[in-house]
Amino acid sequence: MNATATKPNGQNLGELEAGMGENVVNLASDLVLLTKLQAKLLELDLKEFWSQALMPAAVLAGTIPILLGTVSVVLLSLGQLLAEWTSLSVPVACLLESAVVVFAGSLAVWQAANKLTRATMTFQRSRTELYENLNWITRVIQQSSSAASNGYHCR
């Protein structure tokens with residue numbers, strides 16, 4: 001009894017295996033190419049991100065320690081000066097100028113945070129492309145597995 005595996009359409013198993021092997025090689029090649037393209041896109045997005053984020057990050061990194069180190073001295077000095085120039089008491093003058101400094105500092109931090117947030121939007125391009133690539137890979141695998149699941153029959 002000579003049994004050769006064939007598919008219902010009459011192709012023999014060897015031809016199917018050769019075709020499937022070629023398809024696997026093509027899929028692997030496409031996946032490698034997609035990975036390279038995704039890495040290049042990420043590299044471009046990182047460069048764009050840092051071109052937008054470097055200055056605000058440097059401003060934050062440089063000014064926050066300076067502000068923290070000098071806040072108490074500056075605030076007391078300004079409060080004394082304001083009290084001497086006006087008829088305000090020293091505590092009221094210190095409170096008034098502290099409010100102005102807190103407002104100005106908050107405004108600077110808010111602007112820097114907004115610029116950093118906008119800079120991270122450059123990664124949306126990479127995220128979108130990655131999701132599209134993963135969806136394509138999933139569809140190809142599902143189509144390949146459904147094609148492969150069309151049963152083989154022995155004659």
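The values are calculated or read from the model by the stated rules, or taken from the named source; none is laboratory data. The structure presented is a predicted model; accordingly, all values stated were derived computationally and were not measured. Cβ placement follows ideal geometry from the backbone for every residue including glycine, while neighbour counts extend to all protein chains displayed.
Can you find even one residue in segment 53-74 that is under 30 Å from Tyr131 (Cβ atoms), among the β-branched types (Val, Ile, Thr) and either exposed (fewer than 14 other Cβ atoms within 10 Å of the Cβ) or under 41 Å from the mean Cα position of the chain (by Cα) (or both)? Spell out how you get there, then give the answer.
Let us first name the residues in segment 53-74 that are under 30 Å from Tyr131 (Cβ atoms), namely 53-54, 56-57.
Within this subset, residues satisfying the condition of being among the β-branched types (Val, Ile, Thr) are none.
The answer is no; no qualifying residue exists.
Looking at segment 101-112 only, could you name the residues that are modelled with pLDDT under 90 and among the aliphatic types (A, V, I, L, M)?
Residues of segment 101-112 modelled with pLDDT under 90: 101-102, 105, 112.
Of everything in segment 101-112, those that are modelled with pLDDT under 90 and among the aliphatic types (A, V, I, L, M) turn out to be Val101, Val102, Ala112.
Take Ser98 and tell me if it is more than 24 Å from Tyr131 (Cα to Cα) and either at pLDDT 90 or above or outside any helix (DSSP H, G or I) (or both). First the steps, then the outcome.
Values: more than 24 Å from Tyr131 (Cα to Cα): yes; either at pLDDT 90 or above or outside any helix (DSSP H, G or I) (or both): no.
Judged against the criteria, Ser98 is not a match.
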